[in-house]
Every structure is written in structure tokens, then in C-alpha cells.
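Right, one structure below, let's go through it.
We did not get these values from a lab; they are worked out from the coordinates using the rules stated. Just so you know, these numbers come straight off a predicted model, no measurement behind them. Methodologically, a virtual Cβ is constructed for each residue, glycine included, from the backbone with ideal geometry; neighbour enumeration extends over all protein chains shown.
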Amino acid sequence: MEEAELGNEIVEISMQVNGVSVVLRTPANRTLLSILREDLRLTGAKEGCGIGECGACTVLMNGKAVNACMVLAPKADGARITTIEGLGDEARLHPLQEAFVKHGAVQCGFCTPGMILSAKALLDENPNPTRLEIREGISGNLCRCTGYQQIVDAIEEVAARKQGEES
Amino acid sequence: MTTGKRESAYRNDAVIKVTGRARYADDHTFPRMAHCVPVYSDFVHAENLSVDTREAARQDGVLKVITAADIPGAVRFGQIERDYPMLAEDRILSHGDVVALVVAETREAALEAARQVRISADPLPPLIDPEEAFRPDAPVIRPGTKNNIVNHHKIRRGDARSALAACDIVIDHTFRTSFVEHAYLEPESAVCVPRPDGVMEVYGSMQHPFTTRRFVAAILGEPLARVEIRTVPVGGGFGGKDDTAAVVCARAALAARLCDRPVKLTYARQWSMRESYKRHPYVLHYRMGLNRDGRVQAVEARIIADAGAYCSTTPWVTWRSAVQCCGPYRVEHVHADVYGVATNNVFTGAFRGFGSPQVNFAVEQLMDMAAEKTGLSPLEIRRINMVTQGAETITGQLLNNHTVSIREVMDTVAEKIGYEEKRARSSRGKGDPENLYGVGLAICYRGASLGAEGMDFCSAVINCQFDGSILLEVGIHENGQGAESAMILTLQEHLGVDRGRITYRQPSTSSIPDGGPTVASRGTLMGCGAVVLAAKKLKKIIAEALADTLGCAPEKVRFQDDAILGEADDQRLSWDEAMRQLFLKRVYPYSFAGFRAPAVTWDEETGQGDAYFTYVYSCQAVEVSVNLKTGRVRLLNVVAAHDIGKAVNRPMLLGQIYGGIAQGMGMALMEKVETEGGVIRNASFRKYRIPKAMDLPEMTALIIENPDPTSPSGAKGIGEPALEIIAPAIANAVYHATGRRMDRLPIRIEKEDA
Amino acid sequence: MSYPAFRYTAPRTTREVVETLRIAKEKGIRANVLAGGTDLMPQLREGTTTPEVVVDISRIPVLKRIERMGNEIRIGAMVTHAELVTSELVREYAGVLSEAAKMVGSPQIRNLGTLGGNVVNASPAADTIPALVILEAKLVLKGPEGERILSVTDFFTAPYQTVIEADELLTDIVVPLPPPSGRAVFLKLARRKAVAIARMNLACMLYYDRQKETFEWVRLCVGSSTPRPVRMTEAEKALIGKPFSTEVLQEAGRAAAEQMVQLSGLRSSTAYKKPVVGDLVMRAVRMAVEKG
């Protein structure tokens, strides 16, 4: 009885990943990132630092941007997860994906999936950010290639387009 | 001149990258794939190394524990000197040395077993100060060498000593720079697959497939043809995915060969930061002499670069420093010595800029200091001394084969930012100490491509299919900069076809000849050069085959609007129809061409010669605010202009400029790899901070185009010019804000006593 | 990437958490409470923390509440920084805590990191702690013997050290409603000295009576400058009863700097922080007064 209170090394996790129900049994000592990349083969989220500093592993958990490397896998039990693969595909790009392509906001591309998901979380919360607010909104995502300028351009354009649609 | 207007960008790989479908090295898995991890020692400098792998080898899931003794081929390798131990033998020369590899069924098992490897050695005192290591009586670090000097480059022109003695003004100043981390977002990773045909196939995060192939072949002791390096997307390089990335691939290949299974070796960030080479820290002693009229007469420079424990590309990096040690200025008397010196620090090598950011940091501040002493404006003194059309460089090269546009470039930036007006209202240490304001600028020229540092040639294959589609392949590597897109756009332009026809075939080292490394801002210049020449050949083949059909002489055949035309517009074959006709004529619309860079010359003893076949001209200016209470320097504005010959892909070009400025800003204000006794103290992104979006201002990039006759496409390169002058521009701006000269990188404002 | 194996449990009640911690303690098993994970996860990765049992407290609804109860706001330990930023209740009655939470890390970290985690981890650089100090917050610790309530200043003993027992759980942070007359300011400063980043932050709340032209009451706390978070009482004294003037501000700044040196001893970091502390105090007090 007492031992049971101390839990198990193997846990069962069920979650919605990009709209699909996923149930898996896994050792508890793993991160959400490793589940996504290794078990589900969703390799869009990248590991750049493993300690929540670079944002390359950003995914949306229940609509909020989080570092998947900082989420112990069983914490995602019951969660709704959106990865870059769930945002849009080649045939139907999400407006942010389209804008990143159009503005040349992509170079090596390693930060891109996380950057786009942070941008999505930002626009979901604040549909009309200033350029400064955009910079703050992506402050958890490092990019070493672009100097961020064209990334900010891309996000700004989507925000403006959203505004246009609403008015 | 054109500005950064918004224009839809083209990248052949953008869609797969924004959708997360691009597969980087670590995204690859193969059946029966095993995992490998490196094992480090706690030593910085030691001898009589002994590695006991028995306990580790007994751990669950472990397939093999590998040491240097297991290497069938060369233990040591390198691009210039073969001194880098892919696994340490009897000595440890730096804290990043790897002593063993553990291969296991899972990464976790490998990591667990790595803790069981027992390492012993006799420690030696580490030598970490390059100036100390430079002394004749210093202990010699590298076995088999006479002293710690890795290389010595000289510039001997005129008689600097006498000229300095005769100068009205002599400025004597020492500048110091630091170790800088590349901080590519993707750490090193390699997956190696032993193929049934005996070939070792490598999927690696690296910049230079052909260099990597040499490392892999060396460690395996196998010929180049039995190693195939495949192209996969690379998560940033900036010069940093050279030696270390190649060694990681070589180690994975070794493990794969010894275990006869696919093996993945992916680096954790802390391993990457511990082991990978950095930007060279420099100590630069300068004496610059000039007359009261502002004309620079002579320069004496003694420059010491910390090479760390291994040679890597230090002789090349420091060679560029020597060639460009006086900036883009005409100086009659130069006596310069540039040394690479071995220490027990982490080794240093290629990093975007490649020996130029350090000398520019010194020279561009010296010019501002000279301006002040002569009472001239910083613009005026630069105009007086800068190279002009037909001028002779400090290496005796006549700049007469391309447009020398440094004046145009500088004046463009000065006008755009309002330099003179802003300089006049800079604080110069007066005013609110929490908000001092200053403007600053720097200029440079940069020798394009490799220059006298290597064999400079590259090839392209155009393979038109009979259904009208086209395969293009070039011996240049996509590092994230958009090389493939530039090649596609160049081919599109020269064949006059729809872009949609062209598929870039990502080459492997087995499918195209060695095109040299994608470094030195040479990708666009050399790659597009090869594409242009291959397109010419192809057009000749097609024109000769179809001239009859089009009723004109082959030389009159035109390629435009996705069609092939004779002299009259109604003599016209659509591209599809033309390809069908070629099939019927049994003619292959296929061409291969190599572009050989124009010749360069160099005399090691005098440091004279035509160092580079052409130059890129750059100017960057910044505005800063400085808070003396907090020590914070804030970048308010950046304006950059570069004459890159011709813009092939404008949005990507702008991205290179913005990104180069951001990296240069990091080097100027934020970044320093901290070492203590040869051990890196900030080997994580928590402790080593690179610029975030909030740290950067809005930037303005101006593109100046003077198509370069030495380049078949007219284009030169931008990767490095974008980074190499932002630090001195910031230092000059900080001076104008505070009245204090910043002679160290990164720039630190000493606190003002309250 | 994963970590050395451990057992995992996610109890549904705080009572179960405490019971699990008690059993672990009794058996000499290393157990760690997992809140947002932003501190624990890097520690697991670096091997600086090696739990045998991880107790995830994210499944306990009561730990996520933000409620007004009489003259107090009760904030569950699992409330995230992002929730502190957006909560109407917190913004209205403890705005300085919202301001502090806004300064934490990145959006991703604010979405994961929790107030309780921030408090228990006891990093000297934690942004929310100075805010809690000037709000005179209390902490509710639940253990096998029941609850105990501590003032936030009594909780910390040294950097990363607190009085929490291995079998105790921080369940709530209780913020008494500050007097409506109070004006609060939170300031943060990150200054690079060599490469080490010296972070300092400051929370200040005060009431300046414009009729009487005197500071009626003042609460000041400077983070990451003293071994444990404390009120800058000397600076407070230097202000109370005095008018708003440059001399008074300077005196308060000087007093704060002196007190910091007294508490920290003279270390190299103190030498550099000393003038900065004075400066921060002056700036914060001025800003608070200017808020009206």
C-alpha cells in the first residue's frame, strides 16, 4: 500500500496530438519532446539546448506555448498538444507559415517551427501586437541566422491581415 | 542602390521548413540503429592517459566502448595539420578532448555506461595565455613541435620603422578580443549507415561534405569513394560546422563500422560548447603613423591569435587577418606579423568573418582616433585614405579588375543615417549619464572567396529531362543561407525557363566533384559561377541540336520565356517540345561545368601578391544609447550597405545582412566564452547569452550593385561582410557617446562611481 | 533525452501529496515535488538533482485557484506566472506581483513556471519574491501534522535554502489586501559584469500623503542582493515622515546600499551592486510617488 503511493516508473499517457488521440505507455523519466520526436516521429520540434532557453522545442499545450523539453512526459497526460505538423501542411499553409515563406523569415530553419508556434500563441492572445510586442512575444525563441527582422515582418503582416478581416 | 523593399522571397526549402517536415540529421532513424555518446576526461593537459572501458562495456545494452586503439585508420586528422585526435591517445591537450565512445542500444544506456569509463592520467600544468605560450622559453604543448607558434604571416612593404619615425602623429594602441561561440541552434549530429555495398553513408549536420568525407575516410582507413556524405538540412553553421562537425561524423562512422550497424551520435548542447572550436581571441598591438593632413603613412602591427590546442584552420584565418590588417586603406609602409599560438584552451577555427572582425575592430577604431587627432571628420579621414579605382593594396595588388566602390558605399550609409549631423549631437560623455547618445561607423573591404588560402573551384551539373523538368546539382552546400535557391534563380535566369521546372538535386559527395568548402562567402560567387558556365554549355548543346529546326545558325538561338527561339519570334519551340525533339535526335540536354576562380598569387616572405581575385565593399553605422549607471549599451539603429556585385535573391541577401549584424552585435556587446584554466565556464545557453529579438533594433540594409566581371554571375558574397564591422561601428558609437575608447571585446562599460 | 529512472506519481489531493512525501522521508527515499518544472527539469538533465520519486502536483485543482477570501487573496502554489499576469484579481489587488511575474523568463517559461515553484526553489534572483515580501505575503505549508503559516520573510534562510521540510507541501500564498492608498513599482535590472549576469530587482510600495507632503508608509525589498530576501527597513525609515525631495531620496538610497552591504558582507558583487541598489531605490520611490 505504502509503496503504491510512491508511484511507478512506467506511466500511461493519453493526449490529443494535432487532433489525434494518442495513448502510450512509457517510462516516466522522459520529456514531452522525446515522446513527440521519438515515439510519435513528430520531429518538427527540435532540441537546441534541453534547458528551456532556446525555444526550438516550442509546442502548444492546451493552447499555450511551452518548451517541450521542460515538460515531463506524464505531465502532458490529458493535454491537447499542437506541434508544427498540426498547424498546416504543404497544400494548406497556416497564414503564419505562408508569411514566413513570403518574408524570407526562414534560413537554416531549425528555430522556425518553435518560432511559428510562439507567434501563433502570441496572436491568439494579442491579435494586434506592436512590433515591440512581437519581439517580446518571441523572446523565448532564439534565432542565430536572421537577426529576427524578417520574422517580425512576417508576424506583423499576419496580425495586420487578421485585423483587416475583422474590420 | 536598392533598399530593403518587401518582395516575396524565394527559397526552395522554405515550405518544408515552416511545416516541420525538413529532416535534419537527428531527425533520421534507421532500423537497428544504435546510439553513441562521447566520453570526456576532467583533464585539460595531461600525459600517460589510460582509459579502462571494462566496467562500461559490461553495462546493459552496451554494444561497444571504443578508444583510439580501435581506430582502423588515422587517429589524428585535420584540414591543414593532421594533429586533431579524433579520440585521445596518450595525451590530453584540452578539456574538449574525447577519450572514448560508448555505443549502446539506446542513448540512455550509452549515457549511463559512459559514467563507468575509468580515466587516469598524469596532469600537466595547462598553458592558457597565448602571450605566455609565445615566449621562446615557454613549455612546448604539442609533441613533435619546436615551439608553440602554429604559423607566422608577414606583410613587408616599404620601411615602416623609418616612416613611423618621420610621422607627425603616431597612435599606439592594443586591442583584445575574446573567444566567441558560433551558437548554431542545432548541435552537431551524425547518423552513419554501413551499406551492403560496403560504402559508409553519412547523414550529418555539417557545412562541408567533402571535408567531412576526408575525415570519415581517414578514421576508417578507407578510400574517399567508399564514403558517401548525403546532404541534409543543417541547423546553422557560420563556419562552425567544420572540423568538429566532421569529427562527429567520423566518430559515428567509426562506431557504425565497428558495430556494423547504423549509429547515431547527437551532441547535447553542453558537449557542443565544450568541444567545438571558437572564434580566435586576438591581441592586436598597432602603431599607426600619419601626417597632420590625415594621410596614413605607416602601420606596424603585431597580432597574436590564440589557436587553442589544435591547428584547425588557424593558418588560414590569420592569413586573412594579415592581408586585411590595414583595412581598406592605402598604406605605403607596413610591417605586420600575425601569429597563431598554441595553448591548452579550446581550439579555435573558422567563424563567419574568419580573422577579419578582429583586425577591423582595431583598424576602424584607429581611424576614428586618427580623425580626432587630426581634427578631421571620421568620414573625411577615411575618404583620404581609402582605396580607389586602380589603387594598390598593402599587399601590392592593383584594384583594377572590378569596381572599387568603398566611397560610394560609405557615403550611402553616412547619408542614410545622417552621420555628420548625429555625430555633432553625440554626447561625448556630457549630459544624462543614464542616457548618453552616440553614432559610429566602420568600413571594410573583404577579399572574396578563399584567395591564396586554397584551391578555388566548383562545379555544376544541369540534367534536363525529356519531359521538360530540370535537375540542377552544384558542389556547394546549403547551410541555411539559401545557397540552393540562389543556384536555382541563376539557372532560371540563364536558361529563361519557368522556375517550377527546376528541381535542386541535393548532391552527395559521390554524385558531384569536390566543390570545396562552402565558406568564405564563396557559395554564391563560386556556385552561381559554375551554374552560369554549365548553362552556357547546355545552351550550346541545345542550340546546335535544334538550329536546323529553328532555321537559324546555332549562335542565333535564343532562350527566353520558357521557350527556345530562332531569329524570328515565330521560330519557336516550347521548352517541352524542344526536349521532345532532343529525345528524338538522341541528344542529351546535359552539361557539366567547373568554375575555376581567377588566379591569385602570394609570397609568404614578403606578404605581397594578388591575395584575392575581387573584393566586397561594406559600411555599417549604428546609433547607441549608453547608461553609465547600469553599464548598458543599447543599439538604437543600424544602417548597413554592401556592394555585393549583384543581388541574386534579394530577400535572402537582406536576411544575411540582418543576421550578420545580429551575430556581430552579440560579439560586440554580449558574448564571451569564459574560460578558467582551460575549462569553459559558461557552456550552456543559460550562461552564454546570444541576442534575442528584444536586444536588436530595426535595421536598414542597402544593397549596392556593381556586377563583378570576375564572377560569371556578377555576384560576390555577403555572409561575412555583414558581420565583420558592426563591432567597431558600435565601439566608435560608444566613444562618441561616452568619450571612452573601447579596446576590448565584448565591450564593457566600467561603472561610474556614484 | 531522458533522465535516470525514477518513480512518478500525480496525487489528486494535497493530503495524498503530503502522505507520499512522508512515506518517502520515512524510508529515506529522495522525493522531489514537481510543480511547473522550469527549475527541476534542467536540474534533472544536469544531474544536480537525482530523485527516486517525482511527485507531480499539477493534478490538484485547489492549487490552481486565485480567490479573494475576505481581506486576503489566496493564490494556489500551481498558479503560473502567466496567470498572475492576466488575473484580474491579482492585477487589481496585488499589481506588483503581476508586474514581477511579467518579468520572468520568456512566454514559454511563464506558461509553465509557477508561483509556488518560484518560492520553494528560493533562487535569489526570483522576480516574484521581492513582490511577495512587500505584499507581506504568508505561505501555507501543509505537513503530516497539519498546516503551518509563515511570513514569506521567515521562509528563506539562504540562497536556495528554505525552512520547508521534506514532507511538507507549499499549498497557498496568501496576500493580504494592501491599503488602497498604496502605490507600487517593480523594477528589474540585468547588468553584465564580465559574463556573469548580475540580476537585481526591486519591489516598492508606499503611500505618500500629498497634503501632508510626507511618506506615510513605505515597503521596500531588493532581490538578489542579500543572502535572503528582506525589507530594506533602513531605507524605509529614511523616508517615513519625510517629504519627497532629492535629499530624502538620496538618503534612502544610501541607507538601502548600507543595509545591503551589512547583510551581504563585502564581496566583489556587492561592491558593484552597492551604487546600483541606491539608484534603483531612488528610481522606484520616485516612480511610485509619481503614480499619484
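For segment B:288-427, the Kirkwood estimate of the hydrodynamic radius, built from every pair of different alpha carbons, is 16.6 Å. Listed by chain and number, the lysines whose C-alpha is less than 17 Å from the C-alpha of residue B:716, apart from same-chain residues fewer than 8 away, are B:646. Only one residue of B:38, B:354, B:144 has its Cα farthest out toward the positive end of the dipole of chain B, where Lys and Arg carry +1 and Asp and Glu -1 on Cβ, and that residue is B:38. Helical runs (DSSP H, four residues minimum) scored at -39500 (n - 2.57) apiece and divided by the length of chain A put the mean residue ellipticity at 222 nm at -9000 deg cm²/dmol. Placing a pseudo-label 7 Å from each Cα along the Cα-to-Cβ vector at residue B:428 and residue B:135 gives an inter-label distance of 4.3 nm.
Volume of the convex hull of chain A (Cα atoms only), normalised per residue: 125 Å³.
Apply the a/c threshold of 1.5 to the C-alpha gyration tensor of segment B:697-736 and tell me whether it is rounded, prolate or oblate. Note, shape of segment B:697-736 comes out prolate. Convex hull volume per residue, computed on the Cα atoms of segment B:457-596, equals 96 Å³.
Where does the charge balance sit around residue B:265 when Lys and Arg score +1, Asp and Glu -1, over other residues with C-beta under 10 Å from its C-beta?
Values: positive: B:107, B:251, B:264; negative: B:26, B:188.
Overall, the nearby charge balance is +1.
Taking a straight line from the alpha carbon of residue C:25, these lysines sit under 25 Å away, with near neighbours fewer than eight places off in the same chain left out: A:75, C:142. Exposure proxy ranking for B:713, C:245, A:34, based on other Cβ atoms within 10 angstrom of each Cβ and starting from the fewest, stands as C:245, A:34, B:713. Listed by number, the DSSP H helices of chain B that run 27 Å or longer by alpha-carbon position along their axis and have mean Kyte hydropathy of at least 1.0 come to an empty list. Computing FRET efficiency as 1/(1 + (r/R0)^6) for residue C:125 and residue C:5, where r is the C-beta to C-beta distance and R0 is 41 Å, gives about 0.85. Using every pair of separate Cα atoms, the Kirkwood estimate puts the hydrodynamic radius of segment A:95-166 at 11.8 angstrom. Note on chain C: with a GNM built from Cα contacts shorter than 10 Å, the maximum mean-square fluctuation among C:143, C:36, C:253 falls on C:143.
Find the relative contact order for chain B and round it to a whole percent, using C-alpha pairs within less than 8 Å whose residues are 6+ positions apart. Contact order relative to length: 16 percent.
Here the residues B:585, A:75, A:162, B:416, ranked from fewest to most Cβ neighbours within 10 Å of their Cβ, fall in the order B:585, A:162, B:416, A:75. For residue A:120, the lysines whose Cα comes closer than 21 Å to its Cα, not counting residues fewer than 8 places off in the same chain, are A:46, A:64, A:102, A:162, B:17, B:692, C:102. Averaged over the residues of B:226-235, the number of partner chain Cβ atoms lying within 10 Å of the residue Cβ comes to 2. Rounded to 0.05, the FRET efficiency of the residue A:8 and residue B:58 pair, given R0 = 30 Å and the Cβ-Cβ distance, is 0.60. Here the simple spin-label model places points 7 Å from the Cα toward Cβ, and for residue C:290 and residue B:33 these points are separated by 5.7 nm. Bridge orientation summary for chain C: considering DSSP beta bridges with both residues in this region, about 85 percent are antiparallel.
In whole angstrom, the protein assembly as shown maps to an equivalent ellipsoid with semi-axes of 50, 38, 31, each derived as √(5λ) from the alpha carbon gyration tensor and ordered largest first. Dipole orientation for segment A:95-166: of the candidates A:103, A:142, A:126, A:142 has the Cα lying most toward the positive pole (charges on Cβ; Lys, Arg +1; Asp, Glu -1). If the label point is 7 Å along Cα→Cβ of residue B:380, which residues in segment B:165-192 have backbone nitrogen under 17 Å from it? Inside the label zone: B:169.
What number in nm² do you get for segment B:152-242 if you take the convex hull of its Cα atoms and divide its surface by four?
10.4
Taking a Cβ cut-off of under 15 Å around residue B:616, the surrounding Lys, Arg, Asp and Glu residues balance to a net charge of +1, with basic ones at +1 and acidic ones at -1.
Let me check against my output: what whole-number percent is the relative contact order of chain C, with C-alpha pairs under 8 Å and at least 6 apart?
14 percent.
Once C-alpha pairs closer than 8 Å and six or more residues apart are averaged by separation and normalised to the residue number of segment C:7-56, the relative contact order reads 54 percent. Counting every other Cβ atom within 10 Å of each residue's Cβ, B:642, B:285, B:736 order from fewest to most as B:285, B:736, B:642.
From the helices alone, meaning DSSP H stretches of at least four residues, give me the mean residue ellipticity at 222 nm for chain B, per-run term -39500 (n - 2.57), in deg cm²/dmol to the nearest 500.
Result for chain B: -7500 deg cm²/dmol, rounded to the nearest 500.
Take the convex hull of the alpha carbons in chain C; its mean projected area over all directions comes to 16.0 nm². In this Cβ point-charge picture (+1 for Lys and Arg, -1 for Asp and Glu), segment A:2-86 has a dipole of about 480 debye about its Cα centre. Residue separation of residue A:77 and residue A:41 scaled by 0.36 nm, minus their Cα-Cα distance, works out to 11.1 nm of gained length.
Each Lys or Arg adds one and each Asp or Glu takes one away; over the other residues whose Cβ falls under 12 Å from the Cβ of residue A:32, this sums to -1. Rounded, prolate or oblate: which fits chain B when a ≥ b ≥ c are the square roots of the eigenvalues of the alpha-carbon gyration tensor, with rounded for a/c under 1.5 and prolate only if a/b beats b/c? It comes out oblate by the Cα gyration axes. About its Cα centre, how strong a charge dipole does the protein assembly as shown have in debye, to the nearest 20, once Lys and Arg get +1 and Asp and Glu get -1 at the Cβ? That gives a dipole near 900 debye. The calculated FRET efficiency for the pair residue C:181 and residue A:161, based on their C-beta separation and a Förster distance of 60 Å, comes to about 0.85.
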